[in-house]
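Single-structure report; data block below.
The values are calculated or read from the model by the stated rules, or taken from the named source; none is laboratory data. Note that the structure is predicted; figures quoted are calculated from it, not measured. Here the Cβ is made from the backbone with ideal geometry for all residues, glycine too, and neighbour counts use every protein chain on show. Please note that ligands, DNA and RNA were not included when accessible areas were found on the heavy atoms of the full protein model with its side chains. Shrake-Rupley method; radii C 1.70, N 1.55, O 1.52, S 1.80 Å.
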Amino acid sequence: MRAFSYERATSPGAAATAAASTANAKFIAGGTNLLDLMKLEIETPAHLIDVNDLALDRIEQTADGGLRIGALVRNTDLAADARVRRDYGVLSRALLAGASGQLRNKATTAGNLLQRTRCPYFYDTDLPCNKRKPGSGCAAIGGFSRQLAVVGASEACIATHPSDMAVAMRALDAVVETVRPDGATRSIPIADLHRLPGDSPEIETVLQPGELITAVALPKPVGGKQAYRKVRDRASYAFALVSVAAIVQPDGTGRVALGGVAHKPWRLEAAEAKLPDGAKAVTARLFADAKPTKDNAYKLQLAERTLAAVLREARA
Amino acid sequence: MRFEHPATFNPIDQLKVIGHPTSRIEGPLKTTGTAPYAYERHDVVTNQAYGYVVGSAIGKGRIATINLEAANAAPGVLAIVTAENAGKLGKGERNAAPLLGGPEIAHYHQAVAVVVAGTFEQARAAAQLVRIDYVKGDGKFDLAAAIDAAGTPTPSFGGPADTAVGDFAVSFAAAPVQLDATYTTPDQGHAMMEPHASIAAWDDGKLTVWTSNQMIAWGAEDMAKTLGIPKENVRLVSPYIGGGFGGKLFLRADVLLAALGARAAGRPVKVTLQRPLMFNNTTHRPATIQRIRIGAERDGRITAIGHESWSGNVKDGEPEMAVSQTRLLYAGANRMTATRLAALDLPEGNAMRAPGEASGMMALEIAIDELADKLGIDPVVLRISNDTQVDPEHPERHFSQRQLVQCLSDGAARFGWDKRDPKPGQIRDGRWLVGMGVAAAFRNNLVTKSAARVRLDQQGTVTVETDMTDIGTGSYTIIAQTAAEMMGVPLERVVVRLGDSDFPVSCGSGGQWGGNNSTAGVYAACVKLRESIAQKLGFNSEEAEFADGVVRSGNRSAPLAQAAGQGDLVAEDAIEYGDLAKTYQQSTFGAHFVEVGVDADTAEIRVRRMLAVCAAGRILNPKAARSQVIGAMTMGVGAALMEYLVVDKRHGLFITHDLAAYEVPVHADIPHQDVIFLDETDPMSSPMKAKGVAELGICGVAAAVANAVHNATGVRVRDYPITLDKLLAGMPEPV
């Protein structure tokens, strides 16, 4: 870990300003991912801006009947919120499928969205990784890729985004609210927050330097049967091989987002239109451009079978 | 004390303390966080500095240059030790690759430097500033590709490279039912909770190391040899150990680097191996490729059994003896085994819980299940009908005790085996396909010299000192039980001090030999102490009875403590063994029964029930023994379903080298576990009539899981771990 300077921000605007005006600064909230990465010198911020005092830890009703989740709401609290459990079951279930109780107590909503890939080659600083060291190559391609992306990947990177929460939020059409160093705020549909790796896998989101997530807004409840199914080798405390977030309406329409298959939560509205035709039709469209490796080709079949199970249960 | 004849009645047979489920005497220290582990010995020596290990970034090759300039200039740095400035180093008797690499690199994450600084954070930050240029060499990292060039290893601890009885080839070819299948087991890591850790301090040429090590005498000896100093100048202290599983049998880099760092910095230094380094820096259970051929009559009688195994290792490393159990487990007139060793440049393969047998049983016990399928015979029945009460290679040699049949039949009854449908894929419980599997458990009992010192003081307290270790197994407690039984005092009057090379040399902890041998050593010392107590009190030691803190003979009695009235009485002795282990085959047996559910859609495998029935001699402490067996069963589930050091064959390393990527079971993976110990005493093993049990518990578990998965789904997986991707193609179509 490199030495760093540290400050506690007093307002979201001040935090953003400080981040933009200090070289190589990072925000820190729960720190469950960042500190691990700093110990390995995968992240080497010169300055940390602690945002834990920013009073962004409330869940409020919005004017249009949705919920605004403060950036600092802990995963445990979000999963347990009565309104979330009642109206956004897919989100509560996704949260509880993630990490461990201890980590969820600490991890925040914004931090969860911004956590970095768990690709083992990203974590071994002796090996090439374009995400960690741009231009060094991707050791995962041709290496151990059983956990890695099957779709939306590039020649530069086949990492997956590890979040469960983000997959549910994608299915819910959440909107990420931010403040920028100049004080301006903006709303980013979660579909647009995470980038595909392309030639620059080190740039993972559309956030600008210093831009701070302040909240995630959920639109008014969409009803339907909501499910989150996470498939993994061990029963807990493992990242998804494949996960399915689904919202199924009584008329057979609905929404589907997949985790564990791409650099971001994977949802295609065109694929959802096939829901009445069954799981195979949906995943065929979701994976139309898939380029799996030998190690992870099983994910295509697994996702289809998992979605089929989710749909069967939703319709039962 | 020499143990040359079968044990007869002795004070242990009173079973006043021995044989009772007894909570660990050091348990409260552990549950309150006050048992001091090596890295936390802040109290033992002042002015401790911190060392941080730099591991090689290549799998094979050499260091061209090391630039320490930036690291040396970093805040707080006191010293940096590399092979260049470490001075001449030897190599421990039990190490294959050198613990400090350079300029030649033997394997990935081989230690190449230790950076010593005033704080851990300073050492860690400076370690990142060590600049090393490597020249990559051509390494061999692919076992499957290397086996054609594999050689015949010299006979080792695990037995000869080739064995043959009768004519295997002819009888196999003639057998009406044949099985010929190849199985693979992956490299596995110990992944114990406490990483290797040491604090080293020099005082006038003498070295003291507070460490975490299973075998104190081996460690001290190899430390002295590596440093080129007299053995008397090395003291190792290791009273508490947070798990080892064989990963701490030997001197490892933490000890050496702490000692070298302390010498260079001129003050005590503590070093722990950082977790991501452990899987490639230390030893592991090597991968195997195993071919098993079994020929049988249609009634199930095995006529030919052959088992070949290939594994790889670094130079001076040994093969994984995965065929050992096949020589002894089942009858059959015609037999062969072969062990071959390929040269690989991966980290050193070595012992991990039940080395040899655990890997071998993973394959053999699937093979038996497959044979049962072919024969249309129940796999429990098939095993029972091929039982042998003699060593099949030497029929004149009997097993000292062998209750495999009892384990299988008791287990089948308790588990409800009769409810198993032999036809796979028939039982459904909601979304789960349910199946049952069975496997035999088998592990040899090893006897080896073990010494102890026992002291009686005037308060009547008995203190035992031995360099035996407690790696989480319960050694403290069974040793205290032994001394209490022998001296006729309650458990509270016994103090046990372990893990110090100043104490008499014990068997140490490994190969499930610790429990029986270390307590037998304490028994021997107690016999001696009883003699001197009797003498002191004027009793005939043959007739004296020790009970309730009193020594009695006829109608005379005296308080035990009285014997130490004029000063402590001390006795030291060792148990040493004659030929009983040669005359009789001493082994432990068991049967594992497992029920799994396999998700019909996703093929996720979850274990639903487990039962182990064990016959392993006298169970000294059923509570501790049960803990050992359920822990081993858990490890077996890991081996079956998830544990996998994935080799990156291009870069030459285990890429799954942290606890996120190397998955071991979590609580949610482990269901209710039942353990039954059959009533057994084995007078051939020692005066304790006990045998090992901790490694028996893992042998066969993974195969029982594999067989249950097959019974649930009809899919036979021969390559561990059994992960869902290997099942998907064979799963039923989604409804």
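Estimate for me the total accessible surface buried between chains B and A (protein heavy atoms, probe 1.4 Å, no ligands or nucleic acids), in Å² to the nearest 100.
Result for this pair: about 3200 Å² buried.
If you build the convex hull over the alpha carbons only and average its shadow over all orientations, what do you get for region B:239-361? Give it in nm² to one decimal.
10.4 nm²
Can you give the accessible area per residue of region B:504-555, in Å², using a 1.4 Å probe?
Per-residue accessible area for region B:504-555 comes out at 38 Å².
Of all accessible surface on the protein assembly as shown at a 1.4 Å probe, what whole percent is carbon and sulfur?
About 51 percent, which is the carbon plus sulfur part of the accessible surface.
Using the structure shown, list the pairs from B:LYS623/B:LYS691; B:LYS30/B:LYS449; A:LYS264/B:LYS649; B:LYS419/B:LYS726 with a Cα-Cα distance above 21 Å, or answer none.
Table pairs above 21 Å Cα-Cα are B:LYS30/B:LYS449; A:LYS264/B:LYS649; B:LYS419/B:LYS726.
Tell me the label-point distance for the pair B:THR32, B:LYS206, using the 7 Å Cα-to-Cβ offset, in nm and rounded to one decimal.
Between B:THR32 and B:LYS206, the simple spin-label model gives 3.3 nm.
Can you find, among A:ALA303, B:ALA616, A:GLY65, the residue farthest towards the positive end of the dipole of the protein assembly as shown? Put +1 on the C-beta of Lys and Arg, -1 on that of Asp and Glu.
Highest projection toward the positive end goes to A:GLY65.
Quick one: what are the phi-derived ³J(HN,Hα) couplings along region B:602-619, Karplus 6.51/-1.76/1.60 with θ = phi - 60°, whole Hz, x for glycine and proline?
For region B:602-619, the Karplus curve yields 9, 6, 4, 10, 10, 6, 9, 8, 9, 9, 10, 10, 10, 10, 9, x, 5, 8 Hz.
Find the centroid of the Cα atoms in region B:495-573 and in region B:386-425, then give the distance between the two in whole Å.
Using only Cα atoms, the two centres lie 40 Å from each other.
Can you pull the one-decimal nm distance between simple spin-label points at A:GLN61 and B:ALA729, each 7 Å off the Cα toward Cβ?
Calculated label separation equals 5.6 nm.
HN-Hα J couplings of region B:88-96 from phi, Karplus 6.51/-1.76/1.60, θ = phi - 60°, integer Hz, Gly and Pro as x?
Rounded to whole hertz, the list is 6, 10, x, 10, x, 3, 10, 9, 8.
Pull out a ≥ b ≥ c, the square roots of the eigenvalues of the alpha-carbon gyration tensor of region A:190-316, then state rounded if a/c is under 1.5, prolate if not and a/b is larger than b/c, and oblate in the remaining case.
Since a/c reaches 1.5 but b/c is at least a/b, the shape of region A:190-316 is classed as oblate.
With the cut-off at 1.5 for a/c, could you classify chain B from its C-alpha gyration tensor as rounded, prolate or oblate?
Oblate shape, in that a/c is at least 1.5 and b/c is the bigger or equal ratio.
Under 16 Å Cα-Cα from B:LYS528, which aspartates and glutamates qualify once same-chain neighbours fewer than 8 residues away are excluded?
Once the sequence-local aspartates and glutamates are set aside, what remains near B:LYS528 is B:ASP457, B:GLU465, B:GLU485, B:GLU542, B:GLU543, B:GLU545, B:ASP568, B:GLU572, B:ASP573, B:GLU576.
For region B:253-379, what is the accessible area per residue in Å² when the probe is 1.4 Å?
On a per-residue basis, region B:253-379 sits at 22 Å².
For region A:6-137, what ratio Rg/Rh do Cα atoms give with a Kirkwood hydrodynamic radius?
Checking Rg against Rh, the ratio lands at 1.02.
If contacts are Cα pairs under 8 angstrom and at least 6 residues apart, what is the relative contact order of chain B in percent?
That works out to 17 percent.
Over chain A, what is the percentage of antiparallel beta bridges among all DSSP beta bridges, to the nearest 5?
80 percent
Can you give the local net charge around B:ILE366? Use residues other than it whose beta-carbon is closer than 14 angstrom to its beta-carbon, Lys and Arg +1, Asp and Glu -1.
+1
Once phi is turned into θ = phi - 60°, what whole-Hz ³J(HN,Hα) does the Karplus curve with 6.51, -1.76 and 1.60 give for every residue of region A:102-118, x standing for Gly and Pro?
Karplus-based 3J(HN,Hα) across region A:102-118 equals 4, 5, 5, 5, 9, 6, 9, 5, 5, x, 4, 5, 9, 4, 9, 4, 9 Hz.
Binned at 10 Å from 0, what are the whole-percent values of the Cα-Cα distance distribution for the protein assembly as shown, short to long?
Result returned by the calculation: 2, 10, 18, 21, 20, 16, 9, 3, 1, 0.
Please work out whether chain A counts as rounded, prolate or oblate from its C-alpha gyration tensor, where a ≥ b ≥ c are the square roots of the eigenvalues and a/c under 1.5 means rounded, while otherwise a/b larger than b/c means prolate and anything else oblate?
Here chain A falls in the oblate category.
If you find the alpha carbon centre of region B:18-35 and of region A:168-188, how far apart are they in angstrom?
Here the two parts' Cα centres lie 54 Å apart.
Beyond 32 Å between alpha-carbons counts as too far, so tell me which of A:LYS220/A:LYS291; B:LYS315/B:LYS374; A:LYS294/B:LYS248; B:LYS225/B:LYS270; B:LYS16/B:LYS248 fall in that bin.
Too far apart for the 32 Å limit: A:LYS220/A:LYS291; B:LYS315/B:LYS374; A:LYS294/B:LYS248; B:LYS16/B:LYS248.
Gap in Å between the Cα centre of region B:658-678 and the Cα centre of region A:286-316?
Region A:286-316 and region B:658-678 have Cα centres separated by 28 Å.
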